[in-house]
Amino acid sequence: MTAVLAVLEQRDGALRKVSHEVVTGARRLADAGSGTVEALVLGGGTVSGADQLGRFGADRVTTATHAALGRYTPEGYTRVVVERVRARQYDAVVFPASATGRDLAPRVAARLGVPLAADVTDLGIEGGAIWATRPVYAGKALLKVKLLARPALLSLRPNVFTPVERPRAAAAETAKVDVPERGGRVVVREIKAAAAGALDVAEAPIVVSGGRGLKEPANFRLLEELARAFGGKAAVGASRAVVDAGWRPHADQVGQTGKTVSPTLYVAVGISGAIQHLAGMRTSKVIVAINRDKDAPIFKVADYGIVGDLFEIVPRLTEEIRKLHA
Amino acid sequence: MALRFQGVDFYDADGLLTEEERAVRDTVRAWVDDNVIPVIGEHYVAGKFPTHLVPQMAELGLFGANLPEEFGCAGLNNVAYGLIMQELERGDSGVRSFASVQGALVMYPIYEFGSDEQKRRWLPELASGRRIGCFGLTEPDYGSNPGGMITVAKETKEGWVLNGAKMWITNGSTADVAIVWAKTARLDDPGSIRGFIVPTDAKGFAAKDQQGKLSLRASDTSELVLQDVCVPKEALLPKSAGLKSPLMCLTAARYGIAWGAVGSAMACYDEAVRYAKARVVFDRPIGGFQLQQARLVEMLTEITKAQLLCLQLGRLKDQGKMSPQQVSLAKRNNVSMATDVARESRRLLGASGILAEYQAMRHLANLESVYTYEGTHDIHTLILGQEITGLSAFN
Amino acid sequence: MKIAVCIKRVADSETRVKIAADGKALDEAGVKFVLNPYDEFAVEEALRRKEQAGSGEVVVVALGPAAAQETIRAALAMGVDRGVLLQVDRIPADGLVVAQALAAELKDGGYDLILCGKMAIDDYNHQVGPMVAELLGLPCVTSIAHLELQGNTGVAEREVEGGIEVCEFPLPAVLTTDKGLNEPRYPALKGIMAAKKKPLDIKPTALAVGGLEVLAMTPPPDRKDGRIVGEGVAAIPELLRLLREEAKVL
C-alpha cells in the first residue's frame, strides 16, 4: 500500500490546471503500489475545483484554510504541509515543479530531512523502491534516481503528466489550520499580473517562439497575433539571442539558461537552433519550425518544417489558425 | 549563431597554460563573443571602427596589459598578453589592431624610452582609454625601408619643430597623441631617429582618414601631416636612439600580431566546421565529402602548429630570450597561415562565404593588410634569410 | 554588509553530454567547467550591494572537488574578498546533503545576506538555496529578478506563472537569483591577477550519505527525424493537415 500526498496549487481561490497533473502523477505512483492518493490544497477559504479532483484519481481531498493562506506564503505553506506529512505516514509527497512548488518542496524536504527529486518527468516503483527520472544538463541527459528515504519527495515538471481521468468517489474535507499571523516572515505583498490571460511559457500547452530571424523587436507582434489565434492556449517565447539583445523579457527565454518547456506544440520562428535552445524545447511533443535557412539546425529536431520567409508565412498561418478556432 | 566560442585546441595547448592565462583568455573570449561578434559585421560594411568598445576594453584592462601595475596596467605575462590579442583578432583584425597600437606602439615606447615623468603622465591615461594614441613611423615613400624617412625634427631654444608626413597610421584621426619618429640630424643618418610625443591638437598637425579601403574596414587608417609642429623639449622620448628604437616597438607589436593571426584563423576554422556539418548538398552534409574534409584537416593542422609556435615564443619572451628573428618567423608563418585558412573557409562556405553575415571573407580581407603591415611577409623572409646565411639581401 | 554567496562549478552550457563508462554520470573528459551562470548573478548582486554600502565583505562558498578552486578564483577575480572550498570528491545528487554542508559552514558566519543561484545548470536541482535557508532558520525568497534593500528589510520580485510576486522579508535572509536581476561584470584582468593573492580556505568535508541513489544516466530519447513540409506559404495547408491528422495537436 503506497500512500501518496499530492500537494496542489490554487490562485485567487481557484485550483490551477497543474494540480490535475500532480494528481495524475500521484495516482500513477499510488497505482504502482496499489495505494491511495490524498490531495492537499491550501487556501484562504474553499477552493473551487477541489471537489472535482476525484475525477483525476484522488481518494481524499483536504482543503487547509487560514486567512493567511490565500496567497502563497513560504513559511506558512511549509508549516502546514510538514505538519500534515508528519501526522500521517506517507510514502511519497508529490508537488508541481511550478514557481511555487520549486520554492515549497525544498523547504519541506529540508524540514523533514529527506531528499527531493525535482522536475521529475517519469516515476514508478520497482522492487518496493520509488524511482524517478529527471532531465539534467537541460535535457541533454536523463537521470534515474532511487529515493531511499520515506516519504519520498518529488516535484513534477509541468506539461509532462497529461491529466488522465480516473474517476473515483473522493472524500472532501475542509480543515482550519494554524499558521503565524501573515503566514511568516516572508510576505507576498502583491502579485503584479502580467497582461490579462497571459500564459507562462513553462506552462502553456502551445508555445510560439521567435529568434533573431524576426529582425527587430516590433516584429514579435506577428508572434503575439499567432499566439492569440490559438484562443488563449499559447504563450510567446524567445531565444537567448533576442533576450540578451533586450528585445524580449528574461521570463520568456527558452533554453538551458532560460526555461525548459514541454508544450504539446512548439512553433519556432526565425530560430536557428543553438544547442542551448534545443536543450530547452526538445521535449515538446510536436515541434514546428519556420526558417528561411533550410540548413538551420532547428530543422533537425522539428517534426514539421517550412522553409521560407517568416514575414509571409506567419501572417497566413495566423489567419488559418484563426479560421480553425472560429 | 554560436553563443560562446568553444576554442580550437587539438593538442591540449590549454594544458600548457596557467590558470590565470586561461582566465584572462576566457574573459576576453566572452567579451568578444558578447560585444564584438554581434556588431562587427555591420561596422565593417559601414567602414566604421566600433568606438563604443574602447571604454569597455579599457575597463577590462586590455591596453598595455603586459606593462606593470604601477602605471595602471594589468601586469600580465606575455603569454596572457598574446592570448588577449588572439581573442581580439578572433573578433576582428581592426579591433586587435587598435589594442596593438595603443599598447605595443604607444604605451610600450613611452614605457621603454620615456622619462619617469612621461611614464607617470601618459601610461595611466592611455591604459584607461582616456587618451588614444597612434604611431607615426611609415611614410608615403618609406614603408619597408623606414630608415629612409624624411620627417625631421629640428631643435630650437624652446624645444623641437617637426616637419614631414606619415601614412597608413592606425587610429591617426581619432588619436589624442601621436608617437612620431623623425630624424634629428642629416637625412642619411638613420641613427639620428628619435621618438616624440606629439599632441594631435598641436598647431600644424593634421590627420585625414584614408578612404576606399577594402580591408580593415572596421579600423581608422590615416595620413598625418606635420607642418612646423612645435613641441616642448619634454616631448622627446629621451631614451630613444636611432632606427633600432621604432624597430623594437614593431617587434613588440608583431609579437601580438603572430598571436592575433591565430585568432582569426580559429574563427574561420570554427565557422567552416559548423557550416560543413550543417550545410546539406546532394542530400548530405558537405562535411562528409572528402574535398571539404581535406580543407578542414589542413586548417586544423596549420592552426595547431601556429598555436604551439606562439606559445613557445611567448615563453621565450617571458624568459627574456626571444629574438626579433623568432618574432619574424612567427609573424610570417602565422599571418600567411591565417590568410590561407580564411580563404579556404570562404571557399568551403560557398556563396554564403561572401556575405558579411559570415566571418571568413572579412577575416580574409583583413589578413591581406596584416600580411603587409608590421614588416611585409617578404621582408620577414629576407630577415630570416639573413639570419640563416649571415648574408643580407637588402643592400 | 557581510554577504555570502554559494557557488558551484558546472559543465559549460555548450557541453555535448557524453555519459561516463559507469553509466551514471557525465564523462568529464574534455569538458569545460565554468561558474554556474545563475551564481554569477548572485556574485554580481553581492558585489553591488557591498559597493553601495561602501564597506563589508563578500565571501564565496563552494562545495566541490579540488578543481573548484578555479571556479572560486573566477569569483575572486570579479571582486569577491575571499573564498571557502568545502572539498569533496564528487558533488552528490542529493541537494539536501549539499545544503547541510553549506549550512554548517555558513551558520556562525554572521552574514546579513546569503545568496545562491536559483539552480545549477547541470543537475537542475533547484533546491539548495531554500534548503540552506530552512536549515539555518532564515527567511528566503527564491528566483528573484529584482531586489531592494532598506535597512533591515528587503523587497524582492520573483516571477511566477503569469505574474510577478512582490515579497517583503527581513534580514538576514537567503535569496536565490534569477536571470534579469543584473548583468554580471567581466572579471577585469587586474582582478584575475589579484585573485591569486586573495584568501582561499580549503576545508576537506565529509558528507552525509544522502537519500538519493543514482541508478542510471541515459541520453534522452531521440526525436524521430523531422521533415520539411514545403516552402513558403504554399506549405501551410499541408502543415495544418499534418498537425490535425497525424500529430493530432490542433
Relative contact order for chain C, counting Cα pairs under 8 Å that sit 6 or more residues apart, in percent: 23 percent
Before we go on, tell me the buried accessible area for the B/A pair, both chains summed, 1.4 Å probe, in Å² to the nearest 100. 700 Å²
Rounded to 5, percent antiparallel among DSSP beta bridges of segment A:3-183: 35 percent
Given Cα pairs under 8 Å that are at least 6 residues apart, what percent is the relative contact order of chain A? 15 percent
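Excluding ligands, DNA and RNA, what is the accessible area buried between chains C and A, summed over both sides, using a 1.4 Å probe, to the nearest 100 Å²?
Working: alone 14640 and 15420 Å², together 22600 Å².
Using a 1.4 Å probe on protein heavy atoms, the buried area is about 7500 Å².
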Calculate the dipole size of segment C:91-250 relative to its Cα centre from +1 charges on Lys and Arg beta carbons and -1 charges on Asp and Glu beta carbons; express the result in debye to the nearest 20. 620 debye
Using only the alpha-carbon atoms, how far is helix A:74-87 inclined from the longest principal axis of chain A? Give it as 0 to 90 degrees, nearest 10. 50 degrees
Rounded to the nearest 10 Å², the 1.4 Å probe accessible area of A:ARG134 is 10 Å²
Extend 7 Å from the Cα of B:VAL280 along its Cα-to-C-beta direction; within segment A:284-315, residues with backbone N under 15 Å of that point are A:289-308
Chain C, accessible surface, carbon-and-sulfur percent (1.4 angstrom probe): 50 percent
Can you tell me the mean projection area, over all orientations, of the convex hull of chain C's alpha carbons? Units nm², please. 18.1 nm²
How big is chain A in terms of Cα radius of gyration and Dmax, in angstroms? 20.9, 61
So for segment C:77-130, what are the equivalent ellipsoid semi-axes in whole Å, largest first, each being the square root of 5 times an eigenvalue of the Cα gyration tensor? 19, 14, 13
Output row B,C: buried area (accessible, probe 1.4 Å, summed both chains) in Å², nearest hundred, equals 1700 Å²
If a paramagnetic tag sat 7 Å from the Cα of B:LEU316 along the Cα-Cβ line, which residues of segment B:322-338 would have the backbone N under 13 Å from that point? B:322-333
Towards the positive end of the charge dipole of the protein assembly as shown, with charges on Cβ (+1 Lys, Arg; -1 Asp, Glu), say which of B:GLY256, A:ALA68, B:TRP181 has the farthest Cα. A:ALA68
Net dipole in debye of chain B [+1 Lys, Arg Cβ; -1 Asp, Glu Cβ; about Cα centre; nearest 20]: 460 debye
Below 19 Å, Cα to Cα, which aspartates and glutamates can B:LYS154 reach? Residues fewer than 8 away in the same chain don't count. B:GLU139, B:ASP188, B:ASP189, B:ASP228, B:GLU234
Which links in B:LYS331/C:LYS18; B:LYS277/C:LYS196; B:LYS119/B:LYS317 stretch past 29 Å when you go from one Cα to the other? B:LYS331/C:LYS18; B:LYS277/C:LYS196
Based only on Cα atoms, what mean projected area does the convex hull of segment C:108-180 have, in nm²? 5.2 nm²
Heavy atoms of B:ASP26: accessible area, 1.4 Å probe, square angstrom to 10: 50 Å²
Amide H neighbours of C:ILE121 at under 5 Å, excluding residues fewer than 5 places away on the same chain, with H built from the backbone geometry, are C:TYR38
Contact order normalised by length for segment A:206-325, with contacts defined as Cα pairs under 8 Å and 6 or more residues apart; what percent is it? 26 percent
Roughly how crowded by other chains is peptide B:24-33, in terms of the mean Cβ count from those chains within 10 Å of each of its Cβ atoms? 3
Choose one answer from B:VAL229, B:VAL39, B:VAL79: the residue with the largest mean-square fluctuation in a GNM of chain B with alpha-carbon springs under 10 Å. B:VAL39
Summarise the accessible area of chain B (1.4 Å probe, protein heavy atoms) by the percent that is carbon and sulfur. 54 percent
At 1.4 Å probe size, with every protein chain present, just tell me what the per residue accessible area of chain B comes to in Å². 41 Å²
Taking the Cα atoms of the protein assembly as shown, what is the range of coordinates along each of the three principal axes, in descending order and whole Å? 109, 67, 50
Would you kindly state how much longer the chain becomes between C:GLU245 and C:ASP27 on full extension, computed as 0.36 nm times their sequence separation minus their alpha carbon distance, in nm to one decimal? 74.3 nm
Given points 7 Å out from each Cα along the Cα-Cβ axis, report the B:GLN210 to C:ASP108 separation in nanometres with one decimal. 7.0 nm
When you take every Cα atom in chain B, what is the radius of gyration, and what is Dmax, the widest Cα pair distance, in Å? 21.0, 79
Threshold 50 Å², segment C:193-235 residues less accessible with all protein chains present than alone (1.4 Å probe): C:MET193, C:GLY211, C:LEU212, C:GLU213, C:LEU215, C:MET217, C:PRO220, C:ARG223, C:ILE228, C:VAL233
Roughly what % antiparallel, to the nearest 5, for the DSSP beta bridges in the protein assembly as shown? 45 percent
Give the share of C-alpha pairs in each 5 angstrom bin for segment A:32-170, from 0 to the last occupied bin, in whole percents, shortest bins first. 2, 9, 17, 22, 23, 16, 8, 3, 0
Mind checking the per residue accessible area of segment A:206-325 for me, 1.4 Å probe, whole number of Å²? 33 Å²
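In square angstrom, what is the accessible area per residue of chain C with a 1.4 angstrom probe?
On the way: 9920 Å² over 250 residues.
Using a 1.4 Å probe on heavy atoms only, each residue of chain C averages 40 Å².
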Too-long pairs where the Cα-Cα distance tops 23 Å, listed order kept, from B:LYS48/C:LYS190; A:LYS259/C:LYS118; A:LYS285/C:LYS224: B:LYS48/C:LYS190
Percent antiparallel among DSSP beta bridges confined to chain C, rounded to 5, stands at 40 percent
Counting only residues 5 or more places away or on other chains, whose amide H sits under 5 Å from the amide H of A:LEU116 once H atoms are built in the peptide plane? C:GLY95, C:LEU96
Quick one: of B:LYS166/B:LYS239; A:LYS192/C:LYS2; B:LYS166/B:LYS233, which pairs are farther than 29 Å apart, Cα to Cα? A:LYS192/C:LYS2
Assuming 0.36 nm per residue, please report the length gained on full extension of the stretch A:LYS176 to A:ARG292 beyond their Cα-Cα distance. 35.9 nm
Along the Cα→Cβ direction, 7 angstrom out, place labels at B:ARG120 and B:THR376. What is the inter-label distance in nm? 4.6 nm
For the residue pair A:ARG168 and C:LYS224, what label-to-label distance in nm results when each label sits 7 Å from Cα along the Cα-to-beta-carbon direction? 3.5 nm
Provide a list, ordered by number, of residues in segment A:123-138 showing at least 30 Å² less accessible area with every protein chain present than when their chain is taken on its own, using a 1.4 Å probe. A:ARG134, A:TYR137
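The values are calculated or read from the model by the stated rules, or taken from the named source; none is laboratory data. Please read all numbers here as calculations on a predicted model, not as lab measurements. Methodologically, a virtual Cβ is constructed for each residue, glycine included, from the backbone with ideal geometry; neighbour enumeration extends over all protein chains shown. Surface areas here come from the heavy atoms of the whole protein model, side chains and all, with no ligands, DNA or RNA. Shrake-Rupley method; radii C 1.70, N 1.55, O 1.52, S 1.80 Å.
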